[in-house]
Ligand code: ZN
């Protein structure tokens, strides 16, 4: 496994739309492994492939509640309610904000074996699903429609 470099805000790569994965090749498996290592090394709870400069629809998420989740070609198939909570991004260092997201989200994707999987998450996991899938469409949490307000550094726990 290898730690990859994280693309930062200002790099236009982050604004591009990622392409679906058509075949789960050994290269895709290696990318998943490297993304997990990179996310853990950076103490993040989610990472999209575009954040390491690869425009493919691949996401990894890890929260205490969910454990490791790997998503290939993820889609949100159900949203319920609204939450406004804190969010940050490994590609937007030093900035945190309150975002408006659905309270509960169900996603459908492929896992690394090519099997269709579904996950439903609320709270942090719902925010992570939305945040990471937004990355695949070139969107960031600081964008209009997501961000309610920035948090001061002393408000961040
Ligand atoms: Zn992010």
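Taking all Cα pairs closer than 8 Å and separated by 6 or more residues, the relative contact order of the stretch 9-60 comes to 45 percent. The fewest-to-most ranking of 139, 8 by surrounding Cβ atoms within 10 Å reads 8, 139. Put in line by how crowded their Cβ is, counting other Cβ atoms within 10 Å and starting with the fewest, 143, 134 read 143, 134. Cβ-Cβ distance of residue 30 and residue 100, R₀ of 25 Å, FRET efficiency by 1/(1 + (r/R0)^6): the value works out to about 0.10. Once the C-beta distance of residue 1 and residue 80 is scaled by a Förster radius of 25 Å, the resulting FRET efficiency is 0.10 to the nearest 0.05. Residue-normalised convex hull volume from the C-alpha trace of the stretch 103-157: 115 Å³ per residue. Shape call for the stretch 11-56 from the C-alpha gyration tensor, a ≥ b ≥ c root eigenvalues: rounded (a/c under 1.5), prolate (a/b greater than b/c) or oblate? Verdict is oblate for the stretch 11-56. Once you divide the Cα radius of gyration of the stretch 10-132 by 2.2 N^0.38 Å, the number left is 1.01. Exposure proxy shown here: for 40, 127, the number of other Cβ atoms within 10 Å sets the order, fewest to most, as 40, 127.
The numbers here are math on the coordinates, done by the rules we state, and not lab data. What you see is a predicted model, and the numbers here were worked out from it, not measured in a lab. Here the Cβ is made from the backbone with ideal geometry for all residues, glycine too, and neighbour counts use every protein chain on show.
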